[in-house]
Amino acid sequence: MSVSETETGTGTKEQSDARSFRGRILCAMPDIRPRLGVCLPSWLSAIALAALAAVLAAAGRLPFADAAWAAASALAAFLPSGWQSPLGWKRRAAETTLLPIAAALLLVSDLTIRRMLLPPLLVLAATAA
C-alpha cells in the first residue's frame, strides 16, 4: 500500500493487514550476510573438491556420475556443518579429511579401485565434519 492510499483511505483492510504481517516477519528475520562471510572460508574446501571433480569429469578422467556423487557427498556433509561451526581446530581437522579424497580422484587411474576407495573416504570425511 502506498503512502497516498494510506492517506486517502483507498487501500483495503486486507492489503493493510497483509503488508503489516509481512513487515513484521521481515523485521523479525536476522540478517544472514555477516554469517555468510564467516562461513564462506569453511565452505571453500568442499567447494574446491566439487570443482576438482567437475574438472576431472569434463576432462574425461572421471565418469560424470562418480564426480557428481563425490561432489554432492562432500557438499552435503560440509556445508551444514560449516554453518553450525565454521571456526576452530576441529573444523580444520575435518577439512583435512578431504585431502585423501582429492588424492584418490587424481592419483588412482583404475575406475574399479577408485570406486572402492571413494565411499569409505567420503564416509570418513562426513563423520569428521
Check your understanding: Filter region 19-38 for residues that are of a type in the set (Gly, Ala, Ser) and at pLDDT 70 or above; which is nearest to residue 85 (Cα to Cα)?
Key -> 37
Check your understanding: Considering only region 70-129, how many residues are hydrophobic (A, V, I, L, M, F, W, C) and outside any helix (DSSP H, G or I)?
Key -> 3
Check your understanding: Taking region 65-105 only, how many residues are farther than 25 Å from residue 36 by Cβ, touching a helix residue (DSSP H, G or I) at 6+ places or on another chain (Cβ under 7 Å) and open to solvent by 40 Å² or more (accessible area, probe 1.4 Å)?
Key -> 1
Exercise for review: Working only within region 38-75, note down all residues that are more than 19 Å from residue 114 (Cα to Cα), free of Cβ contacts under 8 Å to residues at least 24 places away in the same chain and of a type in the set (Phe, Trp, Tyr).
Suggested key: none
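The values are calculated or read from the model by the stated rules, or taken from the named source; none is laboratory data. Fair warning: this is a prediction, and the values are worked out from it, not measured in the lab. Heads up, the Cβs are rebuilt from the backbone with ideal geometry, glycines too, and the neighbour counts pull from every protein chain shown. The protein model used for the area step is the full one, side chains on, heavy atoms only, and it has no ligands, DNA or RNA in it. Shrake-Rupley method; radii C 1.70, N 1.55, O 1.52, S 1.80 Å.
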